[in-house]
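Trainee: Let me give you the structure first, and then I'll get to my questions.
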Amino acid sequence: MKKIIFGIAFLIFFSFLIVSAINMRTFGEPAYSEMDDYFIENAQSETGANNVVTSVVFDYRGFDTLGEATVLFTAVVGVIALFRGVKK
Amino acid sequence: MKEMSRIVKTVTNFVYGFIIIFGFYIIAHGHLTPGGGFQGGAVVGSAFALLLVSYGSLNSQKFLKKDILSLFEGFGLILFIVLGFSGLGITFFYNFLANSGGWFGNAAVIGVNPGNMNTGGVIPLMNIAVGLEVLSAFGVIVLTMASAAEFTKKKEKS
């Protein structure tokens, strides 16, 4: 009984997924592209870097990269704290 | 971890310098070619892991010092935060060196071009800081886990 209920629920959910996948926008044509056009046109002159991805990661969204570096630092602190009793 | 055979050690001696140089190349050219601090640091960290696997954890502690790597990790993160704060005259993480004519301050040529190393403002310095942090973080994690595994094995035997 439980299996049948879960099966019907899964079928309904999966049909919704199929319908939304069919109605999806074609690849490479987003609805709003003001942000992308701004980066592509102005990143080279504003940041002076040829690599637009790096200029986004380290300049426009530098705060995000600060968070990633802090997460890595915290991971290392956690590993060292886990094995802190181990003498060489 | 035991050391591996003579073949593996010879190939490691031949190849690990090239891997480390390739990683530093990816870090230093992060503002011109695909890659950057995180990716180059991961490449150099994989070279450390190769050294550790082929030479064993007891032998590799002669040339991979955990304390020095830990020091470099903190230094990299502090350098990154200082670079973020030094643009604080306008906004946090402002690129104050770009197009200024000084360090890394040349203006980039607009359009498709191979690029100039002396551009990018604060981005190459941040790449170096993040790369230093990531490579030493990988080294510290691998070395700590290897020495812990050695300790556990010794405890099980006794």
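Taken together, the values in this text are just the output of simple stated rules run on the coordinates, not laboratory data. Since the structure is predicted, the reported quantities are computational estimates derived from the model, not experimental observations. Glycine gets a Cβ as well: all are built from the backbone with ideal geometry, and neighbour counts include every protein chain shown.
Trainee: Step through the table entries B:Lys9/B:Lys155; B:Lys9/B:Lys62; B:Lys9/B:Lys154; B:Lys2/B:Lys154; B:Lys9/B:Lys157; B:Lys2/B:Lys65, compare each Cα-Cα distance with 21 Å, and write down the pairs that go over it.
Mentor: The pairs that break the limit, which is 21 Å between Cα atoms, are B:Lys9/B:Lys155; B:Lys9/B:Lys154; B:Lys9/B:Lys157.
Trainee: How charged is the neighbourhood of B:Phe93? Take every other residue with its Cβ under 12 Å from the Cβ of B:Phe93, and add Lys/Arg as +1 and Asp/Glu as -1.
Mentor: Overall, the nearby charge balance is -1.
Trainee: Something else: Who wins for biggest fluctuation among A:Ser33, A:Ser20, A:Ser55 in a Gaussian network model of chain A, springs between alpha carbons below 10 Å?
Mentor: A:Ser20
Trainee: Taking neighbour Cβ counts within 10 Å as the exposure measure, how do B:Thr12, A:Thr65, B:Thr33, A:Thr74 sort from fewest upward?
Mentor: A:Thr74, B:Thr33, B:Thr12, A:Thr65
Trainee: At a 10 angstrom cut-off on C-beta neighbours, averaged per residue, how do the peptides B:100-107, A:56-63 rank from highest to lowest?
Mentor: Going by the mean number of other Cβ atoms within 10 Å, highest first, we get A:56-63, B:100-107.
Trainee: Please compute, for peptide B:91-100, the average count of beta-carbon atoms on other protein chains lying within 10 Å of each residue's beta-carbon.
Mentor: The per-residue average across the peptide is 4.
Trainee: Would you compute, for the Cα atoms of the protein assembly as shown, the largest minus smallest coordinate along each principal axis and list the three values in descending order, in whole Å?
Mentor: Sorted largest first, the three principal extents are 73, 66, 38 Å.
Trainee: Additional query: In peptide A:38-47, what is the residue-averaged number of other protein chain Cβ atoms found within 10 Å of each Cβ?
Mentor: Taking the mean over all residues of the peptide, I get 3.
Trainee: Counting other C-beta atoms within 10 Å, which of A:Leu17, B:Leu125 has the fewest, and how do the rest follow?
Mentor: So the residues, fewest neighbours to most, are A:Leu17, B:Leu125.
Trainee: If you don't mind, there's one more thing I want to ask. Using the 10 angstrom Cβ neighbour count as an exposure proxy, how do A:Ser15, B:Ser70 rank, fewest first?
Mentor: With the sparsest Cβ surroundings first, the list reads A:Ser15, B:Ser70.
Trainee: Please give, to one decimal in nm, the separation of the simple spin-label points placed at A:Phe39 and A:Ile8, each 7 Å out from Cα toward the Cβ.
Mentor: With each label point 7 Å from Cα toward Cβ, the separation is 4.6 nm.
Trainee: Please give the Cα centre distance for the stretch B:137-158 versus the stretch B:78-130, rounded to the nearest Å.
Mentor: Between the Cα centres of the stretch B:137-158 and the stretch B:78-130 lies a distance of 40 Å.
Trainee: Once every DSSP H run of n ≥ 4 in the protein assembly as shown is given -39500 (n - 2.57) and the sum is divided by its residues, what mean residue ellipticity at 222 nm do you get, rounded to the nearest 500 deg cm²/dmol?
Mentor: That calculation yields -22500 deg cm²/dmol at 222 nm.
Trainee: For every other residue with a beta carbon closer than 9 angstrom to the beta carbon of A:Leu72, add +1 if it is Lys or Arg and -1 if Asp or Glu, then tell me the sum.
Mentor: Taking every other residue near A:Leu72 into account, the sum is -3.
Trainee: Mind checking the stretch B:9-88 for trypsin sites (Lys or Arg not before Pro) that DSSP puts in a loop (not H, G, I, E or B) and that have at most 13 other Cβ atoms within 10 Å?
Mentor: Answer in residue order: B:Lys62, B:Lys65.
Trainee: Between A:Val53 and A:Val19, with labels modelled 7 Å along Cα→Cβ, what's the label distance in nm to one decimal, could you check?
Mentor: So the label points at A:Val53 and A:Val19 sit 3.7 nm apart.
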